[in-house]
1. Residue check: is S141 in contact (Cβ under 8 Å) with a residue 24 or more places away in the chain and closer than 28 Å to I55 by Cβ?
2. Determine, yes or no, whether R129 is of a type in the set (K, R), closer than 17 Å to K87 by Cβ and surrounded by 15 or more Cβ atoms within 10 Å (Cβ to Cβ).
3. If you go through segment 63-86, how many residues are of a type in the set (D, E) and farther than 15 Å from T169 by Cβ?
4. Does A135 count as touching a residue at least 60 places away in the same chain (Cβ under 8 Å), touching a strand residue (DSSP E or B) at 6+ places or on another chain (Cβ under 8 Å) and either in the same structural domain as S93 (by TED's automatic domain parsing) or not aromatic (F, W, Y) (or both)?
5. Sort through T100, T79, T83 and tell me the only one that's surrounded by 14 or more Cβ atoms within 10 Å (Cβ to Cβ), out of contact with any strand residue (DSSP E or B) (no Cβ under 6 Å at 6 or more places or on another chain) and within 21 Å of C154 (Cα to Cα).
6. Across segment 117-156, what is the total count of residues that are hydroxyl-bearing (S, T, Y) and under 12 Å from M99 (Cβ atoms)?
7. Check every one of the helices (runs of 4 or more DSSP H) wholly within segment 48-132 and list those with 1 or more residues that are touching a Cys at 6+ places or on another chain (Cβ under 8 Å).
8. Just checking, does segment 151-172 include any residue being over 19 Å from F58 (Cβ atoms) and in a loop (DSSP other than H, G, I, E, B)?
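The values are calculated or read from the model by the stated rules, or taken from the named source; none is laboratory data. The structure displayed is predicted, hence computed values, not measured ones. FYI the Cβ positions are ideal-geometry reconstructions off the backbone, even for glycines, and counts take in every protein chain you see.
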Amino acid sequence: MVFSQAYTEMINRANSRCNLDGQRSYPLPCLEIFLLDQAEKKAKVKEATVFGQLIDIFDWKLTRKQRKTYLKALSLGMTLVLTDLSKTILWASHSFLSMTGYTTAEAVGRTPKFLQGADTSHSELSRIRKHLRQATSIEASLVNYRKGGEPYQCQVSIDPLRNSQGELTHFIAIESEVMM
C-alpha cells in the first residue's frame, strides 16, 4: 500500500506523540485495525480454499447446502475439525487455536479426547460415540478444556462425510464456544 507524503508525516507525528505521552493518536490505531481486518479476510479466504481442496482430494459428496454450511461456519470464525474414521484429527481450522489454545499442528494426529477432562459428560460422549458408530449426524454440548486447563462449553455438530461412491471416509465437526 502506498501512502501519500502527508499521511506518512501524520503517522510519524503520531508515533512521536505516542513515544512522548504514551498515548496513541487516531490514525495509527485505524491503520492497525484496517490491516488486521485485511489479514483476517485473507486468512478466511485461504482457509476456505484449503477446505475446498480437501473436498476435492477426498472426493466428498456434499450437497450445495452442506458446502455452504461449512464455508459459512469458517467465515463466521467457527472451528471446523476433520477426523478420519478412527477419530484422529487430520485438519482443524485456524480458529481452533483461539478456542482451545492448541495450534493445528499440536492437534493433528491426536483424537479430540485430549480436550476432555473431569467435567466432560460421559453420557454425552457415549451418545456421540453411538451416532458416530451409526454414521449419523449429531449435535451435542460438551465441557472441553483449553491448553492451560481452563474449561469451556463447546457446542458441537458432527456430520459423517462420504465419498462419491457413498463410502464413509471422515467426520467433520463444527464447533463453537458457548458462554458458561
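1. yes
2. Criteria not met by R129.
3. 0
4. Considered against the rule, which asks whether it is touching a residue at least 60 places away in the same chain (Cβ under 8 Å), touching a strand residue (DSSP E or B) at 6+ places or on another chain (Cβ under 8 Å) and either in the same structural domain as S93 (by TED's automatic domain parsing) or not aromatic (F, W, Y) (or both), A135 comes out as no.
5. From the options T100, T79, T83, the qualifying one is T100.
6. 2
7. 95-100
8. For segment 151-172, residues over 19 Å from F58 (Cβ atoms) and in a loop (DSSP other than H, G, I, E, B): absent.
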